[in-house]
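One structure below.
The values are calculated or read from the model by the stated rules, or taken from the named source; none is laboratory data. Everything numeric here is computed off the predicted structure, so don't read it as measured data. Methodologically, a virtual Cβ is constructed for each residue, glycine included, from the backbone with ideal geometry; neighbour enumeration extends over all protein chains shown. Note: areas computed on protein heavy atoms with side chains; ligands, DNA, RNA excluded. Shrake-Rupley method; radii C 1.70, N 1.55, O 1.52, S 1.80 Å.
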Amino acid sequence: MQRRSILLMAGLLASGAALALTVPVIDAGFAQRAPESLLPPGFGDPPAAEPPRSNEPRAPAPATGQPPATIQPLPLDSGVPADVQDNAAEEIALSEEELAAQAAKYDLPDTARRSLDRVGPLTPDTRGLPANAFGQQSGQYLAILMKQSHAPFASRWASILIRRALLSAIDTPRDIDGADLVAERAWLLLRMGEADSARLLVQSVDPDKFTPRLYAVAMQTYLATADPAGLCPLSAGALRTSDEPGWQLSKAICASFSGDQGSASGALNQAERRGTARGVDYRLAEKVVGAGFNARRSVRIEWEGVDSLTAWRFGMATATNVPIPDTLWATAGSHVRAWEARAPTLSPFRRWTGANVAARLGVFSNAALVGFYTEAAADPDATDAIKDRVEALRNAYTGGTVDTRIGAMRKLWQTEDDGVDYVGLIAVARAAAALPVTSAASEDIAHLIAAMLSAGYDRSAARWASALGQLDGDGAEDSWALLALGAPTPVVEISSGRVSAYLDAAGPQKGRMLLAGLAGLNRLSAGDATTLANDNGLSLAPRSRWARAIGAAAQRGETGTVALLAGVGMQVADWRRLPPSHLYHIVAALHRVGLDPEARMIAAEAIARL
């Protein structure tokens, strides 16, 4: 069965590799920039010696299968006879002299070469996990977990943690090539919507150490980030190991970017004769070549008859600023919208939907989202709805009175059907953290606390415990539940009777989530947790292989393995589909390995999003 899974995923990767083309050149400094921290200052630090209510803000389903169908290759069946296809591959392959010239262009001195024994931009000093975060786990086992995880994950906070784990400078297990493990880490980040983070990992490996697997993922990465220039240092090596259409066409693209339009046109025309790409896929490749220096190609893209948005089409169109129809966006996963949010060639108006998706998935922090809204307000194409939302956000942060600020926040988190927009909570998180504790409607206070916890301002949220005594109704119940789970230290009464009261008021779904979170955090005694769980149909025993695996990893102190398995346990699109028992095992494992801040935020997120 394990061999079958490996072969299945190998086939999947081979097909996905064909898509790796993109377009305009991106500033090299941007590509090398350190990853943004999504955590507010002080998140996860030990509590200060002062009374907890005066502290400053801080913060922090098991199934296997193929990655989202958005990433599709160019057609491999080109209709050209096999013997002609073989000749085409030989013609496109570089000569030994060309390969030597390319190697010299990108060669590194020995002192600048990087080891594959430990790869990743984050260290414990920069919020990364320790080098031994995966313990003695098999590299092949970790690779399978990463390949077969369905992303994006249900929890924003779980995604933030997994991002940290995948970007950490971890020791490479002995049974896997370091470049192959980097490929799996980057491939999962891409499916989480973290295109820039995936590129950071890919760029952590010297080009002469790339494996076929990493070449394949690198194509996907530079496609997702709309950065065709990233292909050029890799093109020569990739053409020696792969005949995928993307790498074949990279010869034309890179020639165009270097100003050699004659070679670019020749390579592109040759690809057309060989059937490497057709229809809109070929036209998009033409447009890429036309974006090079001194190019004189003018290409019009028509989407009529195109029935899906593949990664090829996303990357090529986005990099050349070609609008993608809404009908095609409907065929793509939410992670592709998150790629769109960071596309450097698109205006804020074009990235509006993607930015909001990126915040919900955990790709954008509160600060990044607020900064984007500010940028969007200045876009001449911004709609009245966008301007109204940005104005409400401005009032949420700078309104003259507390009531004015809360009223503006309400406009952001409240939906037309009186539901709650989680992105709105993220947007106002820092504004909510800056408010003084005051009297307000119970539902507003619940949403203020949820907003603070959405971005990790847990100490600011804890201050509102003093306001709970004057609240009633559903808002009062949820405020208590959020603080019971999310506060750095207990600031509200947590007892068997209080939990039972919440179960009666909130219903079984949210009630069991609260119980699972409190039990996992050890904020209930073992006896009370067991009795309440038995009375409410919640099993705390590790009955599945996944539950036993995450518990064993926690017992061994493997923070990285626990983080990865937390994602495995949350591969559902909606919190309503997440079993409370999964939340219990995830929170308990994180708590046990010292990731208590993340455990608390995930538990509180369950209440906020149900």
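General observations
- Residue match in segment 172-184 (condition: modelled with pLDDT of 90 or more, in contact with a His (Cβ under 6 Å, 6 or more places away or on another chain) and closer than 22 Å to residue 126 by Cα): no
- Of the residues examined, residue 599 is not one that is in contact with a Ser or Thr (Cβ under 9 Å, 6 or more places away or on another chain) and either of a type outside the set (Ser, Thr, Tyr) or not in a helix (DSSP H, G or I) (or both).
- For the residues 592, 576, 609, the requirement of being within 29 Å of residue 139 (Cβ to Cβ), open to solvent by 20 Å² or more (accessible area, probe 1.4 Å) and either in contact with a Pro (Cβ under 8 Å, 6 or more places away or on another chain) or not acidic (Asp, Glu) (or both) singles out 592.
- Listed by position, the helices (runs of 4 or more DSSP H) inside segment 219-326 whose residues that are under 26 Å from residue 192 (Cβ atoms) number at least 1 are 232-241, 245-257, 279-290, 311-319.
- Among the helices (runs of 4 or more DSSP H) confined to segment 453-517, the ones with at least 3 residues that are buried (at least 24 other Cβ atoms within 10 Å of the Cβ) and of a type in the set (A, V, I, L, M, F, W, C) are located at 473-486.
- Subset of segment 362-382 that is part of a helix (DSSP H, G or I) and either open to solvent by less than 20 Å² (accessible area, probe 1.4 Å) or touching a His at 6+ places or on another chain (Cβ under 6 Å) (or both) - its residue that is farthest from residue 423 (Cα to Cα): 376
- In segment 436-452 there is at least one residue that is in contact with a strand residue (DSSP E or B) (Cβ under 7 Å, 6 or more places away or on another chain) and within 30 Å of residue 369 (Cα to Cα).
- Selection count where residues are part of a helix (DSSP H, G or I), more than 28 Å from residue 347 (Cβ to Cβ) and either open to solvent by 50 Å² or more (accessible area, probe 1.4 Å) or touching a Pro at 6+ places or on another chain (Cβ under 9 Å) (or both), scope segment 383-417: 4
- Residues that are open to solvent by 40 Å² or more (accessible area, probe 1.4 Å) and either part of a helix (DSSP H, G or I) or hydroxyl-bearing (Ser, Thr, Tyr) (or both), drawn from segment 426-437: 430
- Residue check for residue 193: assigned to a helix (DSSP H, G or I), modelled with pLDDT of 90 or more and touching a helix residue (DSSP H, G or I) at 6+ places or on another chain (Cβ under 9 Å): no
- Qualifying residue in segment 330-337 (condition: small (Gly, Ala, Ser) and within 17 Å of residue 423 (Cα to Cα)): yes
- Which numbered condition residue 181 misses (of (1) of a type outside the set (Asp, Glu); (2) assigned to a helix (DSSP H, G or I); (3) closer than 22 Å to residue 573 by Cα; (4) open to solvent by less than 10 Å² (accessible area, probe 1.4 Å)): (3)
- A search for C-beta distances below 8 Å between a residue of segment 134-146 that is over 17 Å from residue 169 (Cα atoms) and any residue that is open to solvent by less than 40 Å² (accessible area, probe 1.4 Å) and among the polar types (S, T, N, Q), counting only pairs 6+ apart in sequence or on different chains, returns 144/5.
- Per-region count, segment 275-302, residues at pLDDT below 85 and open to solvent by 50 Å² or more (accessible area, probe 1.4 Å): 6
- Looking across segment 137-158, the residues that are open to solvent by less than 10 Å² (accessible area, probe 1.4 Å) and in a helix (DSSP H, G or I) come down to 139, 142, 143, 146, 156, 157, 158.
- Listed by first and then second residue, the pairs with beta-carbon distance under 8 Å, at least 6 apart or on different chains, first residue in segment 257-274 and within 15 Å of residue 246 (Cβ to Cβ) and open to solvent by 40 Å² or more (accessible area, probe 1.4 Å), second among the β-branched types (Val, Ile, Thr) and part of a helix (DSSP H, G or I), are 274/84.
- Among (1) crowded, with 20+ Cβ neighbours inside 10 Å; (2) not in a helix (DSSP H, G or I); (3) not hydroxyl-bearing (Ser, Thr, Tyr) - the single one residue 174 does not satisfy: (1)
- Of 355, 343, 338, all but one fail to be assigned to a loop (DSSP other than H, G, I, E, B) and at negative phi; the exception is 343.
- The set of residues in segment 111-140 that are among the hydroxyl-bearing types (Ser, Thr, Tyr) and within 18 Å of residue 203 (Cβ to Cβ) comprises 115, 123, 126.
So that you can scan it fast, the table gives a plain yes or no per residue for (1) open to solvent by less than 30 Å² (accessible area, probe 1.4 Å); (2) within 19 Å of the chain's Cα centre (by Cα):
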site	(1), (2)
309	yes, no
312	yes, no
316	yes, no
325	no, no
341	yes, yes
344	no, yes
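- Of the residues screened, residue 543 is not one that is open to solvent by 50 Å² or more (accessible area, probe 1.4 Å), more than 19 Å from residue 142 (Cα to Cα) and within 21 Å of the chain's Cα centre (by Cα).
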